[in-house]
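Just below is one structure, and these are the notes that go with it.
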Amino acid sequence: MENNNRRILAVSAHPDDIEFSSGGTLLKMTGKGYEVFLVVATNGENGFKIPSNNRKERIAVRKKEQMAAARYAGIKKVFFLGYKDGFLKYTDQLRERFVKIIRDVKPSIIFSFDPSNKIFESVNLHHRDHRVISEVVFDAVFAARNRYMYPGKTHSVDFFYFYGCDRPNYFENITSFIDKKIKFISFHRSQYYDLDSLSLWVKKNLSNWTKKYKYSEKFRIVKIKQPFITNV
Ligand SMILES: [Zn+2]
């Protein structure tokens, strides 16, 4: 177990997933010395508030916005996997790409959509790409520590921080980070109409998970146990 490991791999299906779900927590952890690496699986080209019929242009805009947001948050590296927005599939190839990234980054913590949340209450939250990536990442963490499935140097992740969860077991107090979180989100200019309504919406609908804190983010934290075997 690498107790001094302060690397985080934050996984999103679309540009902005991480900012909305976990932006305050990641900014807070970055301030404590954590290094954040980000994976963006799809181009996000089919989620767009500003009309544009040019797909290439939409892809370029979202990539540019994500890079600006990542720079603001001090993210070390962004992995753009380049899949088509809305069409993500669970494939062995996608799992292998995640195994490679996990072994390369060697994170202690992975932020990812919660694979156990299948309550289908929201067409946004329970979007196909979110569901698919949550399972791929979960399985890639297993595979990354198995030298037989994918030969090479293995890596064991310590914790999942599942976001988008319906059964949270942890609330992060982001009260003093709420403005920074909104700024982090605001780089995704193609995703909202105006900053005031975005700010209000985040504060009213996305930050009130517990009465303990004025503004919070919610997670289901899972410690990844390694019973019986050690990986070499
Ligand atoms: Zn998304």
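Please count how many residues of segment 169-191 are buried (at least 18 other Cβ atoms within 10 Å of the Cβ) and under 29 Å from E135 (Cα atoms).
Total meeting the criteria: 11.
Inside segment 59-79, can you point out the residues that are free of Cβ contacts under 8 Å to residues at least 12 places away in the same chain and farther than 10 Å from P15 by Cβ?
Taking segment 59-79 as the starting set, the residues that turn out to be free of Cβ contacts under 8 Å to residues at least 12 places away in the same chain are 60, 64, 67, 71.
The answer is A60, R71.
Here's the yes/no breakdown for (1) in a loop (DSSP other than H, G, I, E, B); (2) β-branched (V, I, T); (3) away from the ligand (no atom under 14 Å from the Cβ); (4) under 15 Å from the mean Cα position of the chain (by Cα):
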| site | (1), (2), (3), (4) |
| --- | --- |
| P15 | yes, no, no, yes |
| L38 | no, no, no, yes |
| M67 | no, no, yes, yes |
| G82 | no, no, yes, no |
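Taking the options R55, R71, R7, name whichever one is within 26 Å of V202 (Cβ to Cβ) and among the charged types (D, E, K, R).
Working: R55 fails: within 26 Å of V202 (Cβ to Cβ); R7 fails: within 26 Å of V202 (Cβ to Cβ).
Selected residue: R71, the only one of R55, R71, R7 that is within 26 Å of V202 (Cβ to Cβ) and among the charged types (D, E, K, R).
Looking only at segment 119-127, decide whether some residue is crowded, with 20+ Cβ neighbours inside 10 Å and touching a helix residue (DSSP H, G or I) at 6+ places or on another chain (Cβ under 8 Å).
no
Among the numbered criteria (1) outside any loop (DSSP other than H, G, I, E, B); (2) touching a helix residue (DSSP H, G or I) at 6+ places or on another chain (Cβ under 6 Å), which single criterion is violated by E96?
With respect to (1) outside any loop (DSSP other than H, G, I, E, B); (2) touching a helix residue (DSSP H, G or I) at 6+ places or on another chain (Cβ under 6 Å), E96 is out only on (2).
Within segment 132-191, work out how many residues are outside any helix (DSSP H, G or I) and not acidic (D, E). Can you show your working first?
Pass one, segment 132-191, residues outside any helix (DSSP H, G or I): 145-174, 187-188.
Narrowing the set further to residues that are not acidic (D, E) leaves 145-157, 159-165, 167-171, 173-174, 187-188.
Here the count works out to 29.
All of the numbers you see were taken from the coordinates with simple rules; none came from a lab. This is a predicted model, so every value here is computed, not measured. Glycine gets a Cβ as well: all are built from the backbone with ideal geometry, and neighbour counts include every protein chain shown.
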